[in-house]
Amino acid sequence: MLPLERFSFGVGDRFAHQAAAQLRAFQLLAADGVEVTPVWNKSNREHTFIGSQPQSVREAALQAVQQLGWNKPWRVDADHIRLETVDRFLEPSDFFTIDVADSIGQAAPAHDVEAFVKRHQSLVGELNLPGIAAPLVIRPADLQATAQKYLAAVQQAGEIYRYIAARKGAARFITEVSMDETDAPQTPPELLIILVALADAEIPLQTIAPKFTGRFNKGVDYVGDLAQFTQEFYDDLAVIDYVVKQYGLPSSLKLSVHSGSDKFSLYPIIHRALIERQAGVHVKTAGTTWLEELIGLCEAGPDGMALARDIYAYALEHVDDLCAPYASVIDIDRRQLPSLREVESWSGPHFAAALRHVPTNPAFNAHLRQLLHVSFKVAAAAGTRYTDMLKTHADVIAAEVTENIYMRHLRPLFLG
């Protein structure tokens, strides 16, 4: 397998214009003494919406690496791939997020479930792991139910992993398994059973993306019980440490936090856990950079503001269509969306303040931000009107992109 460093951070670049601005944030953090591997990620869904090809992600990243002289590791993630979508990612990607959420709850062959349960009776009972407040308790019924719920998903992950390995070579990519885009979170005991099943399937995964308790909405802060998340995150770290030692999974295995952008209230918790447990983490973000492009356009002048306003006008008229693919990761109160008439009265800086995720700013509007977060294909439909504007105002936009990733994300996560 291709090794993944202790700290990694996924960035999305919808229109392939901001890779250098993103990478500058990692350079600034490296100058502070912390090295984090940038991972450029883009899913098949985003490529389809925009009309781009996976190769464009690698090309943009490589250009940024060469431009800035980055001599540290970097990766390109085939984000949320499935067997039917993986082929176009095989050549340009060296990080594969295998998404098996749709298979959770599907029935695996009964004899496979029974064989797994019989093979792992040692999981039944109380398990005292270093660093957890209370023992993990797994009853016989829990082991059976978890195997029935997740074994088919694990088997699908194995099928996809072996498909990639046969065509690319196992030593040329990093494997992540994603189970986050589902309704119910995975508890630490369930995560333990899932990881044991993944070990049985001989998948050398280096990151696992569970669904945590609470809401991880796109582009806004975490919604949930911080104390509960803290315990869950620490317990999950203990589970990972245990399965690495007991079941032979890679020593680089770590938690992956999906929809991790802008989860400002969680960053101190994660930072403290990384220090106390000497653990690694992969945090995956995506559309936050596209929002910084819009913010930069608003700040740049009347032409940029006019384009941003036109994108919002279309989004406001097509809320249902734009939000449908992301229904599980957004919460928009339409009553809180400003009318087009109101937005037309705004200055560029006011629009930027409404969109920029600074919760203490009274102008900030989380509902506006979420809607525009999922409206990037409106900009794609604008074609060269949008991309030419990115070039015209490249310096202003780049400054917003770098500051957002460095000051609001990387520093809180990795420096505290």
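No lab work stands behind these numbers, since they all come straight from the coordinates. Just so you know, these numbers come straight off a predicted model, no measurement behind them. So basically every Cβ, Gly included, is an ideal-geometry build from the backbone, and we count neighbours across all protein chains shown.
Return Glu202, Glu59, Glu176, Glu292 ranked ascending by Cβ neighbour count within 10 Å, so the fewest neighbours appear first.
In order of increasing Cβ crowding within 10 Å: Glu202, Glu59, Glu292, Glu176.
Which value, in Å to one decimal place, does the Kirkwood hydrodynamic radius take for segment 288-403 when every pair of different Cα atoms is included?
14.1
How many angstrom lie between the Cα centre of segment 308-341 and the Cα centre of segment 10-87?
27
Rounded to the nearest 5, what % of the DSSP beta bridges within the chain are antiparallel ones?
Roughly 10 percent of the DSSP beta bridges within the chain come out antiparallel.
What is the Å³ per residue value for the convex hull set by the Cα atoms of segment 70-190?
Expressed per residue, the convex hull around the Cα atoms of segment 70-190 is 163 Å³.
Sort out for me the Cα centre separation of segment 360-416 from segment 94-142, rounded to whole Å.
Here the answer is 39 Å between Cα centres.
Rounding to the nearest 10 and keeping the result within 0 to 90°, find how far the Cα-based axis of helix 110-119 lies from the longest principal axis of the chain.
Between the helix axis and the principal axis of the chain, the angle is about 70 degrees.
Angle check, please: helix 226-247 long axis (alpha carbons) against the longest principal axis of the chain (alpha carbons), in degrees 0 to 90, nearest 10.
50
Take Ala110, project a point 7 Å from its Cα along the Cβ direction, then tell me which residues of segment 149-174 have their backbone nitrogen under 16 Å from it.
From segment 149-174, the list is 149.
Counting other C-beta atoms within 10 Å, which of Glu35, Glu400 has the fewest, and how do the rest follow?
Sorted ascending by nearby Cβ count, the order is Glu35, Glu400.
How big is the shadow of the Cα convex hull of segment 156-206, averaged over all directions, in nm²?
One quarter of the hull surface, i.e. the mean projection, equals 3.8 nm².
Calculate the dipole size of segment 1-68 relative to its Cα centre from +1 charges on Lys and Arg beta carbons and -1 charges on Asp and Glu beta carbons; express the result in debye to the nearest 20.
180
Assign unit charges at the C-beta atoms only (+1 for Lys and Arg, -1 for Asp and Glu), then state the dipole size of segment 14-122 relative to its Cα centre in Debye, rounded to the nearest 20.
That gives segment 14-122 a dipole magnitude of about 200 debye.
Which one of Leu198, Val244, Gly169 is farthest out on the positive end of the charge dipole of segment 146-287, using unit charges on Cβ (Lys, Arg +1; Asp, Glu -1) and the Cα centre as origin?
The residue sitting most towards the positive pole is Gly169.
Excluding same-chain pairs closer than 8 in sequence, count the lysine pairs in the chain whose Cα atoms lie under 17 Å apart.
14
Give me the Å³ per residue figure for the convex hull around the C-alpha atoms of segment 1-152.
Taking only Cα atoms, segment 1-152 has a hull volume of 167 Å³ per residue.
Set Lys and Arg Cβ to +1 and Asp and Glu Cβ to -1, take the dipole of segment 288-403 about its Cα centre, and tell me which of Leu368, Ala324, Ala353 lies farthest positive.
Looking along the dipole axis, the top candidate is Ala324.
Over segment 1-60, one equal point on each Cα, no solvent: what is log10 I(q)/I(0) by the Debye formula at q = 0.18 Å⁻¹?
Summing over Cα pairs of segment 1-60 leads to -0.69.
Can you tell me the orientation of helix 288-300 relative to the chain, as the angle in degrees between its alpha-carbon axis and the longest Cα principal axis, to the nearest 10?
Its long axis makes an angle of about 10 degrees.
Given Cβ point charges of +1 (Lys, Arg) and -1 (Asp, Glu) and nothing else, what value in debye, to the nearest 20, does the dipole of the chain about its Cα centre take?
With Lys and Arg at +1 and Asp and Glu at -1, about 500 debye.
Taking a cut-off of 22 Å, what percent of all Cα-Cα pairs in segment 205-303 are separated by more than that?
The calculated P(r) of segment 205-303 puts 38 percent of pairs beyond 22 Å.
List Asp235, Asp221, Asp395 from most exposed to least, where exposure is judged by having the fewest other Cβ atoms within 10 Å.
Listing Asp235, Asp221, Asp395 from fewest to most nearby Cβ atoms yields Asp395, Asp221, Asp235.
Among Gly383, Cys298, Pro338, pick out the residue whose Cα is farthest towards the positive end of the charge dipole of segment 288-403, where Lys and Arg carry +1 and Asp and Glu carry -1 on C-beta, about the Cα centre.
Going by the charge dipole, the pick is Pro338.
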